[in-house]
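Below is one structure, written out as structure tokens; comments come after it.
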Amino acid sequence: MKLKEFARQLGLSPTTVSRALSGYPEVSEKTRKRVAEEAVRLGYRPNINAVRLVTGRAGAIGVVMGRTAEFHFAEFMSGMAERLDGEDIDILVSPTADRDSTDDVPLYSRLVTSGRVDAVIVHSPKPNDERIALLHRLGFPFLVHGRSETDVPHAWLDIDNEGAVRRATSHLLDLGHKRIAMINGRPGRTFSLHRDKGYRDALSERGIPFDARLVAHGNFTDELGFRFARSFLEQSPRPTAFVAGSMMTALGIYRAVRSRGLVVGRDVSVIAHDDVFPYLTAENMGPSLSATRSSMRAAGARSADLVLQLLSGRPATEIHELWPVELILRESTGPAPPEAQS
């Protein structure tokens, strides 16, 4: 059935039918419901290209992918795909080198002016992120996965990174650990800054001075985790516990601990942040890994849903979601060695 024939049976214009099926807010809820019900009853499925011509929409959401975030990105994209299934909306991925977000501004500008996407999702923002300022200036719908401190109004979804690391560090302090190393994400990103604050605040609350020699920043990889942890463990006195920014980092820490003839959970405690990868589970690591936990796939699904709401007319200033993070204790954390508690 063609769009014109379907619209004629409903006594509506093709434009109204297309806009109703696309969820435009200027079409009344009653009309949208009627069109949707009749589409199911008559077996009408709109021609995507025709709908895009009528509505002026591209039918796609843009996402920019960095090369070293493939594990996190894959899970996020899986969540987006699950939510967008059946919505007749595609995901357009634009790869970029892992560099300063300022360098990506031309890429976002090109995405907007190309007309290939209706909205974009901004990842790993900085406190004053030029990508956010650009998209707001262009009047283009966007959602930030993370938070920024800019005054520019924008929609965002984030997890409580500060609270997660504060709880993880406080738990290690409760176990008697005083020299706690942290391997964080890339410097300058808001999530890294929030994690830094959670770590520092937990130490400060117990009267333990911050030691910059126990903190490192970088991409979440097994190799960097190993190199940073190995360097920390060569210090004297060495750290007795680690807070890891990701599961991949924790893998590297486990290797470094073993390479020094030490045992995770006995000589060195480890807590990591778990983004819930199906192929790398905290409970199956040996020993099982204590972790703060928040699903990257769930974040992808919710982000897609929030973008759809933006495209349906919901104001960006109404979309501010901060997800709590749970702490799950397993075998990788234990009391500090007696000599470290004195």
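The values are calculated or read from the model by the stated rules, or taken from the named source; none is laboratory data. Only a predicted model underlies this, so the values are computations on that prediction, with no experimental measurement involved. With ideal geometry, Cβ positions are generated from the backbone for all residues, glycine too; neighbour counts draw on all protein chains shown. In case anyone asks, the SASA skips ligands and DNA or RNA and just uses the protein heavy atoms, side chains included. Shrake-Rupley method; radii C 1.70, N 1.55, O 1.52, S 1.80 Å.
For this structure, a couple of remarks:
- Rough spin-label spacing in nm, given labels placed 7 Å along Cα→Cβ, for D201 and R255: 3.4
- Whole-percent carbon and sulfur share, accessible surface of the chain, 1.4 Å: 51
- For V40, the accessible surface of its heavy atoms amounts to roughly 120 Å² (probe 1.4 Å, protein chains only, rounded to the nearest 10).
- Estimated 222 nm signal from helices in the chain, with DSSP H stretches of n ≥ 4 weighted -39500 (n - 2.57), rounded to 500: -13000 deg cm²/dmol
- Reciprocal mean inverse distance between Cα atoms of the chain - Kirkwood radius, Å: 22.1
- Once each of the chymotrypsin sites (Phe, Trp or Tyr not before Pro) sitting in a DSSP loop with at most 14 other beta-carbon atoms within 10 Å is removed, the chain keeps 1-209 as its longest stretch.
- Charge tally around P335: other residues with Cβ under 10 Å, Lys/Arg +1 each, Asp/Glu -1 each, net 0.
- Computed accessible area, R260, all protein chains, 1.4 angstrom probe, square angstrom: 100
- Put a dot 7 Å past the Cα of E149, heading toward its Cβ, do the same for Y279, and the two dots end up 3.7 nm apart.
- Additional length obtainable on full extension of the chain from R137 to K2, 0.36 nm per residue less Cα span: 44.8 nm
- Residues in segment 166-321 average 39 Å² of solvent-accessible surface per residue, probe 1.4 Å, ligands and nucleic acids excluded.
- Under 5 Å, built H, 5+ apart or other chain: amide partners of S94: V63, V64, M65
- Computed over segment 199-255, the percent of Cα pairs more than 13 Å apart is 60.
- Heavy atoms of M77 accessible to a 1.4 Å probe, total area in Å² rounded to 10: 30
- Between L262 and S236, residue separation times 0.36 nm minus the direct Cα-Cα distance comes to 7.9 nm.
- Shape descriptor for segment 204-342: Rg over Rh equals 1.08 (Cα atoms; Rh from the Kirkwood inverse mean 1/r).
- Each label point was placed 7 Å from the Cα along the Cα-to-Cβ direction; for S13 and A74 their separation is 4.8 nm.
- Estimated FRET transfer efficiency (L327, R110; beta-carbon r; R0 41 Å; 0.05): 0.50
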